[in-house]
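The values are calculated or read from the model by the stated rules, or taken from the named source; none is laboratory data. Values in this document were obtained by computation on a predicted structure and should not be read as measured data. Cβ: placed from backbone, ideal geometry, glycine included. Neighbour counts: every protein chain shown.
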Ligand SMILES: [Zn+2]
């Protein structure tokens, strides 16, 4: 039996499918991540085409029958136009969409994560993109249950004045436990600021180029470690199933 549904969703990913169709990975505010087919969307006269652009926030009308739901109509209500005028912002927009897609399991509603993505896509035009990306990564980690602690050593619990970040570290360590590269106090301050700031205040943080690179190295490592864990946990789950 067919069921008609509507969703307020941001389009995370698209792959071509069959003749003129596309399968979209959508992140619905109330539905979580789901896939849906847009039929004929690659044909020149498609009415859906203009609305179904990656990174758009759309009101979708869906028809659910057997298999994947079909997008019957779409109305873009937010296109974040400033992100498409500039190659740098476009790159970061794509990165936000992909990263969120990697972190979020299907069919798990998470309006807070939705609002984070929506907010980040809006804020890209007003904030240094690389700094906003670090904020986005840290918030994504926190909301996904991998909250980094930049106040104490991950191994001995001592308070940190400066930190060290080793190749297998799950967090920062102190000088005694340390190893890896050093995270000096000003980078540590920036990480603490980013982990707790409101999104609109990220732009107030002033950091030099070297600190920005260091922040990127720290968050990249944290993201990789948490995604690895995620993949491993999925593998274990699969093994447990008969
Ligand atoms: Zn320590």
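Only one residue in 218, 195, 183 is within 16 Å of the ligand (Cβ to nearest atom) and touching a helix residue (DSSP H, G or I) at 6+ places or on another chain (Cβ under 7 Å), so which one is that?
Unique residue meeting the criteria: 183.
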Test: residue in the stretch 33-47 that is in contact with a helix residue (DSSP H, G or I) (Cβ under 9 Å, 6 or more places away or on another chain), buried (at least 16 other Cβ atoms within 10 Å of the Cβ), closer than 30 Å to residue 141 by Cα and modelled with pLDDT of 95 or more: yes
Per-region count, the stretch 159-183, residues at pLDDT 85 or above and crowded, with 19+ Cβ neighbours inside 10 Å: 8
Positions within the stretch 143-171 being within 9 Å of the ligand (Cβ to nearest atom) and assigned to a loop (DSSP other than H, G, I, E, B), in sequence order: 153, 154, 155, 156, 157, 158, 160
Evaluation of residue 116 against (1) surrounded by fewer than 20 Cβ atoms within 10 Å (Cβ to Cβ); (2) modelled with pLDDT of 90 or more; (3) away from the ligand (no atom under 16 Å from the Cβ) (one fails), failing number: (1)
Hits in the stretch 1-22 - residues which are under 14 Å from residue 62 (Cβ atoms) and crowded, with 16+ Cβ neighbours inside 10 Å: 7, 8, 9, 11
